[in-house]
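**Student:** Please see the structure below; I have some questions.
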Amino acid sequence: MRYIYIKTTILFITIFFSYCTPIIIDETENESVGTIFINEIMASNASKGLDSYYKNYCDWIELYNDGNKVINLSNHYLTDNLNNPKKWLIPSGTLIQPKGYVVFYADGDTEKYDHTNFKLSKDGEEIAIFNSVGVLVDHIEYSQQKTDISYGRKPDGDTNLYYFFNPTFEASNSSAEYLNNEESSRPEYSIRGGSYATAQNVELYAKSMGSSQVQIRYTTDGSFPTENSTLYSDPIEINTTIVIQARTFEEGYLPSSSVCNTYLINENISLPVISISTDPDNFFDEDMGIYSTGKFAQSEYPYYGANFWENWERVANIEYFDKTGTQIINFMSGIQIYGGTSVALAQKSISLYARDKYGEEFINHRFFPNKTINKYKRLILRNSGQDWAYTLFRDGLMQSLLIGQMDIDYQSFLPSIVFLNGQFWGLYNIREKMDDNYIEDNYGISNSEIDFLSHLDPDIVTIRGDDKHYSNMLEFLKSNDISDNTNYTYIKTQMDIDEFLNYYIAQIYIGNSDWPGGNLKLWRQRSDNGKWRWMLYDTDFGFGLYSSYHKDMIGMLLESDSDHWPNPAFSTYLFRRLLDNIDFKNTFLQRISAHLNTSFTTSRVLQFINSIKNEIKPEMSRQIGKWGGYFGE
């Protein structure tokens, strides 16, 4: 039997969809034999159902074979747009065993065979599977979804749809079902997380949503509570720093979202504190832990192949406390390991990612007094990069010297202490992340309105927009005499010459020996008046970290035939060509001289060094006790 899907007949579609009737396809038509169901979906995934290849949590769609024969899904399509039934072709040779399951990851990345070219909407939509001739096989329509709660059929292949607190990824939908996605009320704490000089008793409370008794279950290892976690009954006595994650369970309601508080007991803190609370496996599990060496790491530094080299993201609760130990913000975030070869250091940098699926689209706080920004999409908890075993503030110092002295795109800097699941994890520098969100945070220009480029090799790497404007500017320089002020005036309409000069003056002064062949990013607003600006970041090689502070930076930048790191000729071309113009050269010489006599005087630089040194000094013995290594006075 074959049902024919007629797009033009609205009444037929409505009736057809309302019954969710699956297609049974005749074997003689060289199509699959059996009954296919969209059995379970996850439209907002933070921690349920790990992508087997990329090892990240993304949306997914589970198909189920209710028949007694193997089903071949070749020439079938999945879609989230019923007007485009052939949106994504299921890979040839995809089979589902009888009473078996196949999962496809809906993350918009088609490089792997089981990843669709679309994502699922958390706000609700329709998902369908069609065969090769446009016949609808099955579909699910869903409304707004909650993170980590799946939606599917129970029993498998049935018409009844439910919500599942415990998704059954590639398995039968046998866990407890919920008819709607209303949650139990969140637990309340008798005292807020923060710094306390003495032991405390913490009481937990919860209000019933209905007539059933509410249970509160909690953990102290950073993981999110489940039905099997410790049942709260009496006040929790705490006499050491600890993290308490709690959630409520009530019959007829989905369990509440987890609520977290960190209690810093007798810590004598002198800096702001970031507390990261997460399932320990998210950091240390051999297969999926982002901090772990894992199974495939090379034996020598920097241990390529280790888990920490992967772009894996895990969910965590983040609390920020000011210097007094007062909890300022408490939110859920994505976390990733951040950095280049510094990821191989024992203490690793961590990126924070605000995303809707975690609860908040922004990290809502003004971290840096020198900027009026009060919300961020991304932040970095930086270990100071390759400077980790030395000053722990080299990069932050060099960029702080520029504040108020020149127009330049720099990263703000705030020393802090990090605790991981209640354990001291060391000194970290809170920094802005130099990505397209930085531009939106600092300039209010959305990332859809910019060209954003990076030079990692002779080829331009496009992060946002395209490189046409930049490439055309380079071609103009190659084809025209820049010593002619008419041509130079035109170039000044294409790039922000003043900011470019400031950027080069800063890099030259600090002696950044990991530049300009790398760590080079630039952006412009996509408009008639948009000009290229350069972004200063990752300067930890400066001030003689791995090379002499007597290094001739200007001489290095003038090498026109260099083919080696850190100054291959392609990376210095723009600066060398602009020096052919006498106005540019004079401005450069005058400005760098002025900064050497103001911004970069010995007394001013020493003042900054001593100020930051004294700020972090009270925490240095604990830092060394945790991580060891050589640290100078």
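The values are calculated or read from the model by the stated rules, or taken from the named source; none is laboratory data. Nothing here was measured: the structure is a model prediction, and the numbers come from that model. Quick reminder, even Gly has a Cβ in these numbers, built from the backbone with ideal geometry, and neighbours come from all protein chains shown. For accessibility, only protein heavy atoms count, side chains too; no ligands or nucleic acids. Shrake-Rupley method; radii C 1.70, N 1.55, O 1.52, S 1.80 Å.
**Student:** Check every one of the strands (runs of 3 or more DSSP E) wholly within the stretch 117-180 and list those with 2 or more residues that are open to solvent by less than 10 Å² (accessible area, probe 1.4 Å) and on the phi < 0 side of the Ramachandran plot.
**Tutor:** 125-130, 136-142, 150-153
**Student:** Residues that are open to solvent by 10 Å² or more (accessible area, probe 1.4 Å) and within 23 Å of V418 (Cα to Cα): list the strands (runs of 3 or more DSSP E) wholly contained in the stretch 221-289 that include at least 2 such residues.
**Tutor:** 259-265
**Student:** Any idea which of N519, N512 is touching a Gly at 6+ places or on another chain (Cβ under 6 Å), within 21 Å of L558 (Cβ to Cβ), in a loop (DSSP other than H, G, I, E, B) and open to solvent by less than 60 Å² (accessible area, probe 1.4 Å)? Lay out the reasoning, then the answer.
**Tutor:** Numbers: N519 fails: touching a Gly at 6+ places or on another chain (Cβ under 6 Å).
So the residue among N519, N512 that is touching a Gly at 6+ places or on another chain (Cβ under 6 Å), within 21 Å of L558 (Cβ to Cβ), in a loop (DSSP other than H, G, I, E, B) and open to solvent by less than 60 Å² (accessible area, probe 1.4 Å) is N512.
**Student:** May I ask you to list the residues in the stretch 99-116 that are more than 29 Å from the chain's Cα centre (by Cα) and open to solvent by less than 50 Å² (accessible area, probe 1.4 Å)?
**Tutor:** Within the stretch 99-116, just G100 meets the criteria.
**Student:** On to the next question. Can you say whether N519 is free of Cβ contacts under 8 Å to residues at least 24 places away in the same chain and closer than 22 Å to A569 by Cα, as far as the supplied structure shows?
**Tutor:** Yes; evaluated as a whole, the condition is true for this residue.
**Student:** Which of the residues spanning the stretch 418-452 are buried (at least 17 other Cβ atoms within 10 Å of the Cβ) and farther than 24 Å from K375 by Cα?
**Tutor:** N421, G422, F424, W425, G426 - these are the residues of the stretch 418-452 that are buried (at least 17 other Cβ atoms within 10 Å of the Cβ) and farther than 24 Å from K375 by Cα.
**Student:** Now for a different question. Assigned to a helix (DSSP H, G or I) and open to solvent by 20 Å² or more (accessible area, probe 1.4 Å), is that true of E499?
**Tutor:** Spelling it out, it is not the case that E499 is assigned to a helix (DSSP H, G or I) and open to solvent by 20 Å² or more (accessible area, probe 1.4 Å).
**Student:** For the structure I just gave you, tell me whether V214 is of a type in the set (A, V, I, L, M) and over 21 Å from F165 (Cβ atoms).
**Tutor:** No; evaluated as a whole, the condition is false for this residue.
**Student:** Next up: All but one of (1) buried (at least 16 other Cβ atoms within 10 Å of the Cβ); (2) among the β-branched types (V, I, T); (3) touching a strand residue (DSSP E or B) at 6+ places or on another chain (Cβ under 9 Å) hold for V461; state the number of the condition that does not hold.
**Tutor:** Going through the list (1) buried (at least 16 other Cβ atoms within 10 Å of the Cβ); (2) among the β-branched types (V, I, T); (3) touching a strand residue (DSSP E or B) at 6+ places or on another chain (Cβ under 9 Å), V461 breaks only (1).
**Student:** Going by what's in this entry, would K551 be described as free of Cβ contacts under 8 Å to residues at least 12 places away in the same chain, open to solvent by 70 Å² or more (accessible area, probe 1.4 Å) and not acidic (D, E)?
**Tutor:** The answer is no for K551.
**Student:** Kindly indicate the residue of the stretch 48-95 that is under 15 Å from D107 (Cβ atoms) and among the polar types (S, T, N, Q) and also least open to solvent (accessible area, probe 1.4 Å) among those meeting that condition.
**Tutor:** N56
**Student:** Let me ask something else. Going by the conditions given, is S593 closer than 26 Å to P415 by Cα, without any contact (Cβ under 8 Å) to a residue 12 or more places away in the chain and open to solvent by 50 Å² or more (accessible area, probe 1.4 Å)?
**Tutor:** no
**Student:** If you check E313, E361, which single one turns out to be open to solvent by 50 Å² or more (accessible area, probe 1.4 Å) and more than 30 Å from Q405 (Cβ to Cβ)?
**Tutor:** Details: E313 fails: open to solvent by 50 Å² or more (accessible area, probe 1.4 Å).
Just a single option satisfies the conditions, and that option is E361.
**Student:** Looking for whichever is in contact (Cβ under 8 Å) with a residue 24 or more places away in the chain and either of a type outside the set (A, V, I, L, M) or more than 18 Å from D279 (Cα to Cα) (or both) here; the options are T219, T230. Which one fits?
**Tutor:** Every option except T219 fails the conditions.
**Student:** Also, quick follow-up: Within the bounds of the stretch 311-332, is there any residue that is touching a Pro at 6+ places or on another chain (Cβ under 8 Å), modelled with pLDDT of 95 or more and acidic (D, E)?
**Tutor:** Within the stretch 311-332 (the criterion being touching a Pro at 6+ places or on another chain (Cβ under 8 Å), modelled with pLDDT of 95 or more and acidic (D, E)), the answer is yes, since at least one residue qualifies.
**Student:** Of the residues in the stretch 32-47, how many are open to solvent by 10 Å² or more (accessible area, probe 1.4 Å) and at pLDDT 95 or above?
**Tutor:** Qualifying residue count for the region: 2.
**Student:** Which count do you get for residues in the stretch 306-330 that are within 20 Å of the chain's Cα centre (by Cα) and small (G, A, S)?
**Tutor:** Residues meeting the conditions: 2.
**Student:** Separate question: Is it the case that the stretch 192-204 has a residue that's free of Cβ contacts under 8 Å to residues at least 40 places away in the same chain and out of contact with any His (no Cβ under 9 Å at 6 or more places or on another chain)? Spell out how you get there, then give the answer.
**Tutor:** First, pick out the residues of the stretch 192-204 that are free of Cβ contacts under 8 Å to residues at least 40 places away in the same chain: 201, 203.
Subset that is out of contact with any His (no Cβ under 9 Å at 6 or more places or on another chain): 201, 203.
Yes, the stretch 192-204 contains a residue that is free of Cβ contacts under 8 Å to residues at least 40 places away in the same chain and out of contact with any His (no Cβ under 9 Å at 6 or more places or on another chain).
**Student:** Something else about it: Does T486 count as more than 30 Å from V273 (Cβ to Cβ), of a type in the set (S, T, Y) and in contact with a Leu (Cβ under 7 Å, 6 or more places away or on another chain)? Outline the logic, then answer.
**Tutor:** Numbers: more than 30 Å from V273 (Cβ to Cβ): yes; of a type in the set (S, T, Y): yes; in contact with a Leu (Cβ under 7 Å, 6 or more places away or on another chain): no.
Against the criterion (more than 30 Å from V273 (Cβ to Cβ), of a type in the set (S, T, Y) and in contact with a Leu (Cβ under 7 Å, 6 or more places away or on another chain)), T486 does not qualify.
**Student:** Let me ask something else. What is the residue count in the stretch 596-619 for residues that are in contact (Cβ under 8 Å) with a residue 40 or more places away in the chain and either over 23 Å from Y549 (Cβ atoms) or of a type in the set (V, I, T) (or both)?
**Tutor:** Result for the stretch 596-619: 8.
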